[in-house]
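Below: the structure, in structure tokens.
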Amino acid sequence: MTTFSDEVKCKEFVSKDAVKAKASESQYPELSEEERSKLQIRQDLKDRIQFKNKLFVKHLIGEPDEIQYVNNVHEDWIYRRPVSVYELGYAPDKEIRIRFQKGIVQKVNHKAPNKPTN
């Protein structure tokens, strides 16, 4: 592997890499202790809300960030704020998607964070 012979190019390359690293870290904002204590374990959350109604879910988690209607039969509630974690000490999930059919939870999906721990 060849090294950079030009000092300016080397510094420019390193600074671009540092900017990219900072941007990826800012994706996961640091949570306060209060917010961190409200996070629920993902599997426990999925087990608790499976086959429950909308009112139960709204009371447990709160209002969804987005609601999508699919084929006039399904309704998806999407939570993009930190709601659950894999285990304590891990980064919060990116997204929780709850699918309702006739007002009852049918499926709960999640998008795990890119980085596993804080």
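If you filter region 74-88 down to residues that are in contact with a strand residue (DSSP E or B) (Cβ under 6 Å, 6 or more places away or on another chain) and outside any strand (DSSP E or B), you find that the one that is surrounded by the most Cβ atoms within 10 Å (Cβ to Cβ) is VAL83. Given the structure, is PHE51 hydrophobic (A, V, I, L, M, F, W, C) and in a loop (DSSP other than H, G, I, E, B)? Criteria met by PHE51.
Residues in region 70-91 that are more than 30 Å from GLU30 (Cβ to Cβ) and modelled with pLDDT under 95: 4 in all. Quickly run through region 45-69 and pick out the residues that are aliphatic (A, V, I, L, M) and surrounded by fewer than 11 Cβ atoms within 10 Å (Cβ to Cβ). Across region 45-69, the qualifying residue is only LEU55. Of all the numbered requirements in (1) exposed (fewer than 11 other Cβ atoms within 10 Å of the Cβ); (2) modelled with pLDDT under 90; (3) within 20 Å of PRO113 (Cβ to Cβ), LYS38 misses one, and that requirement is (1).
Scanning region 87-113 for residues being in contact (Cβ under 8 Å) with a residue 40 or more places away in the chain, more than 23 Å from PHE51 (Cβ to Cβ) and out of contact with any Phe, Trp or Tyr (no Cβ under 8 Å at 6 or more places or on another chain) gives a total of 2. Kindly check whether there is at least one residue in region 70-79 that is among the charged types (D, E, K, R) and without any contact (Cβ under 8 Å) to a residue 12 or more places away in the chain. No.
The values are calculated or read from the model by the stated rules, or taken from the named source; none is laboratory data. What you see is a predicted model, and the numbers here were worked out from it, not measured in a lab. When we count neighbours, we look across all protein chains shown, and the Cβ atoms used for this are built from the backbone with ideal geometry, even at glycine.
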